[in-house]
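The values are calculated or read from the model by the stated rules, or taken from the named source; none is laboratory data. In this text the structure is predicted, and so the values were computed from the model without any measurement. Note that we place each Cβ from the backbone using ideal geometry, even for glycine, and neighbour counts take in every protein chain shown.
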Amino acid sequence: MIKLSEGGAYLLNGVDVIEDNAQSAGELQARLGGNVPSKEEAARNTMAYNILKSHNTSDNMDKLKIKFDKMTSHDITFVGIIQTARASGLEKFPIPYVLTNCHNSLCAVGGTINEDDHMFGLTCAKKYGGIYVPPHQAVIHQFAREMLAEGGKMILGSDSHTRYGALGTMAMGEGGPELVKQLLNKTYDINMPGVVAIYMTGAPAKGVGPQDVALAIIGAVFGNGYVKNKVMEFVGPGISNLSADFRIGIDVMTTETTCLSSIWRTDDKIKEFYDIHGRSESYKEINPGAVTYYDGVVYVELDKVKPMIAMPFHPSNTYTIEELNANLEDILHDCEKKALVSLDGQVDFKLVDKIRDGKLYVDQGIIAGCAGGGFENICAAADILRGHSIGADEFTLSVYPASTPIYMELAKNGRLADLMQTGAIVKTAFCGPCFGAGDTPANNAFSIRHSTRNFPNREGSKLQNGQIASVALMDARSIAATAANKGFLTAATDVDVEFTGPAYHFDKTIYANRVFDSKGVADPDQEIQFGPNIKDWPEMVALPENLIIKVVSEIHDPVTTTDELIPSGETSSYRSNPLGLAEFALSRKDPAYVGRAKEVQKAEKAREAGQCMGEAFPELRPIMHKIKETYDVHKENVGVGSTIFAVKPGDGSAREQAASCQKVLGGWANIANEYATKRYRSNLINWGMLPFIIDKGELPFENGDYIFIPKIADAVKNKQNTMKAFVVNKDMKEFELKMDDLTDDERKIILDGCLINYYRNSKND
């Protein structure tokens, strides 16, 4: 059902693929005569290239400086973003900026009370000229689809699943500092990305949904990095067989491939989407050129896709439901073994005990959020469940429509009643099932969800307290089939159902009544409303001439997610307090990390105060003495901080806190074999942290070792990609650290110590 090309390929007239090989030149000549463009010319015919070109403010299409048309953030991220921008001199939002409130991390003890952040957001929208969407009205991405997306435009969001490519909008999810740059009229600087064609043929079988197609693609490309940091460009005749909602459901999940962004060809079905939403003028027909060159091709035979399941603890851990049911014990045992890596053996994790009478029993089903909460998904689920009962045993089913307009239409057309009659609970628009709030399963329970992620503890369990539950990702249709079968795993293709496919009618009255829209007009006299736990960023110093860093955590998992660097869920109630949130850094992966980092930070705080570092942190004295045997170091020219090593950190959420929490605890660097995503590396840089790379193999250091990097500031200034470092103990063991290329602005940000300092200094220059 999914096949990958071994190299690049040409696409002719959006239909015919000619792979780039020894025979392709002759084939192209035969098809095109003497008008065969070069690869470079044909690569400029991608939809992605042309959208990027229209938003690039530089004269160089290899080195892009992008200005976005619109931006969006939710209540886990917008406080930190606006606080950073305010500290950097923000006066007005220069482009439409939407602040949604779909995370609602209730604060029972400690943290920030929901409404404090919401009132902060509302008053900032008034003061700086933004748009404010109250809680429960819409999840961030559904509001963007309904009200913001436009053909040929670009949107930047502070959530990793910012993907509106199916609507012809190229969207990217990045950490908060990248949004700050746009707020301060700066640019998003990247090298021209590669573009991979997602070539679709056929039509999905009855019962197969968008999540099935998405999981099939993710399973094929994640592990090999086939689309990493590239744009996924959806083409081919199969697209015409997909509704707008179906395309949107696939598109939102592209984030889990580690691609940079996505874009789809558009047609009358997308025009109809805009018409339905009262925004016909926002539609634009977008197609690749007559001859287009791609860096690779993912062939998707839609008719061969079967209902899928992504087992814990990653969206790429995929199987067909048919395969899982046929090999239950073997696959569940394999998942248990994989879990030993994710969970570090902290709990006794079992899945085989979910087998009852030879079938897999599921404890909970959820259809929710930007992936599952769409109109068509919920209507299809209602069709499957109509006339059934979910039963009166352990199994529960919750449904979260992605926006109030969808909720209202489900009420009007009767599908809401159909669902509730079965025993399902229908709730308001909320991202909770995606990040660990609401509907937390019981210990050892197994939840199937049409949502975006199934990382450890994404369902709200607390590993550090000995509690573990797990999530598998599935399509709403198969979740409904499982619910109709009272919790026994069932593919939607195995049930007898006629899908009614009711028409959707969008009513934006609720938005007109409740959403605050400044229309771009700022009110400088508006006072910002702060809660007692909304705190400013602490002061951060410039990169010193030389650097001593202590390794305070060493992680050898194949991939480290941002959830493991800073947990989602209950910790997000501290989202507005940088120091309060930092106390949870690595709490699920390495609970000792915070204490170790804070001990090292004592030395740096003493240095910055002009005091003796050795008195503040006696452990540092022999380290300094050893370095002084070779180098002239003293408190005026050497900084002290911490670092972590991880094999491949940064998969998952765009939340900048994965980097900023390390920074406020005294982190100066990460060391990795590679970075899982561009956005995590960018977050490190924007918080003044050095994104070091070290070659794979045995490490020259271990947890607890000190590393000395001489003349690090000069190395950054002089654009060195390789620098010598020393493990400091009885000897000074030299080894090599590397950094991938940095832009001029990125180097200056690191030298200044963080993005805030960079902008302050820029204003004073």
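A few comments on the model shown:
- Index of the failed condition, Gly704 passing every other in (1) touching a strand residue (DSSP E or B) at 6+ places or on another chain (Cβ under 9 Å); (2) more than 30 Å from His625 (Cβ to Cβ); (3) assigned to a loop (DSSP other than H, G, I, E, B): (2)
- Qualifying positions in region 209-259 - among the aliphatic types (A, V, I, L, M), crowded, with 24+ Cβ neighbours inside 10 Å and not in a helix (DSSP H, G or I): Val227, Val231, Met232, Val235
- Looking only at residues in region 33-44 that are touching a strand residue (DSSP E or B) at 6+ places or on another chain (Cβ under 7 Å) and surrounded by fewer than 19 Cβ atoms within 10 Å (Cβ to Cβ), the one that is farthest from Val291 (Cα to Cα) is Lys39.
- Region 448-500, residues that are surrounded by 24 or more Cβ atoms within 10 Å (Cβ to Cβ), farther than 19 Å from Lys350 by Cβ and among the charged types (D, E, K, R): Arg449, Arg453, Asp475, Arg477
- Any hit, region 5-12, residues being within 30 Å of Asp745 (Cα to Cα), buried (at least 16 other Cβ atoms within 10 Å of the Cβ) and not hydroxyl-bearing (Ser, Thr, Tyr): no
- Filtered by the rule that a residue be among the hydroxyl-bearing types (Ser, Thr, Tyr) and crowded, with 19+ Cβ neighbours inside 10 Å, region 260-298 gives Ser261, Ser262, Thr266, Tyr274, Ser282, Tyr283, Thr292, Tyr293, Tyr294.
- Residues satisfying the stated conditions in region 1-44, i.e. over 31 Å from the mean Cα position of the chain (by Cα) and in a helix (DSSP H, G or I): Ser24, Ala25, Gly26, Glu27, Leu28, Gln29, Ala30, Arg31, Leu32, Lys39, Glu41
- Boolean, Lys724 is farther than 25 Å from Leu260 by Cα, out of contact with any Pro (no Cβ under 6 Å at 6 or more places or on another chain) and touching a residue at least 12 places away in the same chain (Cβ under 8 Å): yes
- Evaluating Pro691 against the criteria (1) part of a strand (DSSP E or B); (2) more than 30 Å from Ile82 (Cβ to Cβ); (3) not β-branched (Val, Ile, Thr) leaves one unmet condition, (2).
- From Leu463, Leu397, Leu419, residue being under 27 Å from Pro135 (Cα atoms) and out of contact with any Gly (no Cβ under 6 Å at 6 or more places or on another chain): Leu419
- No other residue among Gly432, Gly466 is farther than 26 Å from Ile248 by Cβ and touching a residue at least 24 places away in the same chain (Cβ under 8 Å) apart from Gly466.
- If you go through region 492-513 and keep only what is outside any loop (DSSP other than H, G, I, E, B), over 16 Å from Val133 (Cβ atoms) and hydroxyl-bearing (Ser, Thr, Tyr), you end up with just Thr493.
- Unique residue being surrounded by 22 or more Cβ atoms within 10 Å (Cβ to Cβ) and in contact with a helix residue (DSSP H, G or I) (Cβ under 7 Å, 6 or more places away or on another chain) when the list is Leu579, Leu565: Leu565
- Of the criteria (1) under 39 Å from the mean Cα position of the chain (by Cα); (2) surrounded by fewer than 24 Cβ atoms within 10 Å (Cβ to Cβ), which one Glu656 fails: (2)
- Conditions (1) assigned by TED's automatic domain parsing to the domain that holds Gly650; (2) in contact with a strand residue (DSSP E or B) (Cβ under 9 Å, 6 or more places away or on another chain): number failed by Ser518: (1)
- For Pro307: the one exception among (1) under 20 Å from Arg477 (Cα atoms); (2) surrounded by fewer than 22 Cβ atoms within 10 Å (Cβ to Cβ); (3) not basic (Lys, Arg): (2)
- The set of residues from region 333-389 being within 29 Å of Asp651 (Cα to Cα), touching a residue at least 40 places away in the same chain (Cβ under 8 Å) and in a loop (DSSP other than H, G, I, E, B) comprises Asp344, Gln346, Val347, Phe349, Lys350, Leu351, Val362, Asp363, Gly373, Gly374.
- Condition met for Ser518 (out of contact with any His (no Cβ under 9 Å at 6 or more places or on another chain), modelled with pLDDT of 95 or more and more than 29 Å from Gly223 (Cβ to Cβ)): yes
- Test: Ile2 is in contact (Cβ under 8 Å) with a residue 24 or more places away in the chain and touching a Lys or Arg at 6+ places or on another chain (Cβ under 9 Å): yes
- Of the residues making up region 587-606, just one is at pLDDT below 95 and touching a Ser or Thr at 6+ places or on another chain (Cβ under 6 Å), namely Asp590.
- Residue in region 49-87 that is surrounded by the fewest Cβ atoms within 10 Å (Cβ to Cβ), counting only those that are in a helix (DSSP H, G or I) and of a type in the set (S, T, N, Q): Ser54
- Total residues in region 317-331, condition crowded, with 20+ Cβ neighbours inside 10 Å and either farther than 11 Å from Ala216 by Cβ or in the same structural domain as Ile198 (by TED's automatic domain parsing) (or both): 4
- Single residue of Asp251, Asp295, Asp212 found to be touching a residue at least 24 places away in the same chain (Cβ under 8 Å), of a type in the set (Asp, Glu) and farther than 20 Å from Met1 by Cα: Asp295
- Any hit, region 470-483, residues being in a loop (DSSP other than H, G, I, E, B), more than 24 Å from Ser316 (Cα to Cα) and aliphatic (A, V, I, L, M): no
Let's see how each residue does on (1) at pLDDT below 95; (2) farther than 16 Å from Ala469 by Cβ; (3) touching a His at 6+ places or on another chain (Cβ under 6 Å); (4) of a type outside the set (Ser, Thr, Tyr):
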position	(1), (2), (3), (4)
Lys306	no, yes, no, yes
Phe313	yes, no, no, yes
Glu322	no, yes, no, yes
Glu336	yes, no, no, yes
Ile366	no, no, no, yes
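- Qualifying residue in region 502-509 (condition: within 30 Å of Leu183 (Cα to Cα) and surrounded by 14 or more Cβ atoms within 10 Å (Cβ to Cβ)): yes
- Residue tally, condition assigned to a loop (DSSP other than H, G, I, E, B) and buried (at least 16 other Cβ atoms within 10 Å of the Cβ), over region 514-525: 3
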